[in-house]
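Step one of this worksheet: look at the structure below.
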Amino acid sequence: MEGVITIVQEGRFQLSDERGVSHQFVLDRAALAETEQLRPLQSRQARVRVKYTDASGLISLIAHRIELLGPEAMERL
């Protein structure tokens, strides 16, 4: 899923996709990203791609990987 991280709280974040739909994520403990990397992505409104799985019994999706898109894509999380 691609979009912009709009809200961050600890290891949880909200991503707004291209249609403006918001999706709730929890960062997986084994994710290829760190919790402290989320707030700077939110602050600069960077476009990202999130690799995720559904979480049975949870409202949130589980984020396993976050990749930067566009001009910032040379940086990897």
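Here are some notes:
- Among residues of the stretch 1-23, those that are over 14 Å from ALA46 (Cα atoms) and out of contact with any Phe, Trp or Tyr (no Cβ under 8 Å at 6 or more places or on another chain), counted: 8
- In the set (1) loosely packed, with under 15 Cβ neighbours inside 10 Å; (2) in a helix (DSSP H, G or I); (3) of a type in the set (A, V, I, L, M, F, W, C), LEU41 fails one condition alone, (1).
- Scan of the stretch 42-63 for residues that are at pLDDT below 95 and closer than 13 Å to ARG12 by Cα, ordered by number: GLN42, LEU58, ILE59, SER60
- Among all positions in the stretch 58-73, there is no residue which is of a type in the set (Ser, Thr, Tyr) and outside any loop (DSSP other than H, G, I, E, B).
- Any pair with Cβ under 8 angstrom, 6 or more apart, that starts in the stretch 52-73 at a residue that is surrounded by fewer than 10 Cβ atoms within 10 Å (Cβ to Cβ) and ends at one that is at pLDDT 85 or above: ASP54/LEU61; ASP54/ILE62; ILE59/GLN24; GLY70/ALA46; GLY70/ARG47
The values are calculated or read from the model by the stated rules, or taken from the named source; none is laboratory data. None of the values given here were measured: they were computed from a predicted structure. Don't worry about glycine lacking a Cβ; one is built from the backbone with ideal geometry, like all the others, and counts go over all protein chains shown.
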